[in-house]
Amino acid sequence: MPEKLLEQIDRLMQQRPMYKEVLSAYRDLLGFVDEVEPEVAYKVKDASIRELKAREGFPLFSREDLPIDHEAAAVLFQRLLQHLSSTERKDREALKRAFQAVEGNPQWVNDVIGAFLSGDEVKLTTMAQEVTLSPMVVKFLAHMAVWPSMKYLRESAAEGIQERTWNHGWCPLCGSSPDMAYFSDEGKRFLHCELCGYEWTYPRIKCPFCENERAKDLGYFTGEEEEGYRIDFCRKCKRYIKTLDRRLVGSPGPLELENLTTLHLDMLAHKQGFTPSGG
Ligand SMILES: [Zn+2]
Ligand SMILES: [Zn+2]
């Protein structure tokens, strides 16, 4: 794992001690994630078809038929469960039970990952409850399990994306919603995909969820004592997105990690009556 990432995780642990458990889980699990070399095969569409599709707002893949290495994801999911159940976490007994459930029925993992990819919250929650784990933990593990494939796709298939003609609020690679946004050093706004981690530019005065551009409907507020973080909201669709300003945050962590450790900002947004992308 890169030295810099370890430093960022340590810094976040000091800055946000309430997230110590999730941060140390992330750090441990990333070690397993990095070892996986997924076998991903996909056919790239003809360039002209791709262009036409992109102009109509179609992403390169849809969530359901993302060409991920399902076998590698299932093996990794199991390995992550096993590791976490050997730590001092409060839910280690449930993790052990989940691990046993998987051993008894390998299809369970495929179903969980399938539910995660298709965004089937009801199924995911039911399956988590079966093994008495928190749905958030199961979701986190499923996300980590598919991460090697996502990384591969981001690095290889992204060439096929015509960034300049893409001005939608959903991911050009997999069609998912953004989970976070950031302002670059030049002040440009980027959206970060909640599933595959792809980042694309988007106008600053425009809601990513309903494409509303009326400045008076759009606003933001900030949390206390956290320079560089804000919550951008839209009064029309009542959605919000957390935004990190790279010009103010010295050395931010990867956005999927920033997202996991800014749940206090989500609470603030909920209190004000806003819902996240998927809600
Ligand atoms: Zn994506
Ligand atoms: Zn909106």
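In whole Hz, with x marking every Gly and Pro, tabulate ³J(HN,Hα) for segment 209-224 from phi via Karplus 6.51 cos²θ - 1.76 cosθ + 1.60, θ = phi - 60°.
Here the 3J(HN,Hα) series is 9, 10, 6, 5, 10, 6, 4, 6, 8, 9, x, 8, 9, 10, x, 7 Hz.
With runs of 4+ DSSP H residues as the only contributors, calculate the mean residue ellipticity of the chain at 222 nm using -39,500 (n - 2.57) per run, divided by the residue total and rounded to the nearest 500. Don't skip to the end; give the middle numbers.
On the way: 10 runs with 125 residues, N = 279.
Helix-only estimate at 222 nm: -14000 deg cm²/dmol.
What distance in nm lies between label points placed 7 Å from Cα along the C-beta direction at residue 204 and residue 263?
Taking the simple label geometry, residue 204 and residue 263 are separated by 3.2 nm.
Could you sort 209-219, 241-251 so that the peptide with the highest average Cβ count within 10 Å comes first and the rest follow in order?
Working: 209-219: 13.5, 241-251: 17.4.
Put in order of decreasing packing, that is 241-251, 209-219.
Please list, by residue number, everything in segment 53-94 whose backbone N is under 11 Å from a paramagnetic label point 7 Å out along Cα→Cβ of residue 168.
It comes to 53-63, nothing else.
How big is the chain by Rg and Dmax over its Cα atoms, in Å?
Spelled out, the Cα radius of gyration and Dmax of the chain are 18.9, 56 Å.
Residue 15 label point, 7 Å along Cα→Cβ, cut-off 15 Å on backbone N: hits in segment 235-265?
Under 15 Å, as judged by backbone N against the label point of residue 15, lie 243-265 of segment 235-265.
For segment 1-42, which trypsin sites (Lys or Arg not before Pro) pass both filters: DSSP loop (anything but H, G, I, E, B) and at most 14 other C-beta atoms within 10 Å? Provide the component values of the computation, followed by the final result.
On the way: sites: 4, 11, 20, 27; in loops: none.
Within segment 1-42, no trypsin sites (Lys or Arg not before Pro) qualify (loop, at most 14 other Cβ atoms within 10 Å).
Does a label point 7 Å from the Cα of residue 136, set along Cα-to-beta-carbon, have any residues of segment 178-221 with amide nitrogen under 20 Å, and which are they?
Inside the label zone: 178-181, 194-195.
Compute and list, largest first, the equivalent-ellipsoid semi-axes of segment 36-160 from the alpha carbon gyration tensor, each √(5λ) rounded to a whole angstrom.
Details: eigenvalues 206, 44, 25 Å².
Square roots of five times the eigenvalues give 32, 15, 11 Å.
Would you kindly work out the equivalent ellipsoid of segment 228-279 from its C-alpha gyration tensor and give its semi-axes, the square roots of five times the eigenvalues, largest first in whole Å?
Details: eigenvalues 87, 26, 17 Å².
Its equivalent ellipsoid spans semi-axes of 21, 11, 9 Å.
Which order, highest average first, do 259-265, 189-195, 32-38 follow once you tally other Cβ atoms within 10 Å for each residue and take the mean per peptide? Let's see the in-between values first.
Values: 259-265: 18.7, 189-195: 22.0, 32-38: 15.3.
Most protected by this proxy first, the peptides run 189-195, 259-265, 32-38.
Coordinate-derived values only; no laboratory data. Note that this is a predicted model, so its numbers are computed, not measured. Note: ideal-geometry Cβ built from the backbone for every residue, glycine included; neighbour counts use all protein chains shown.
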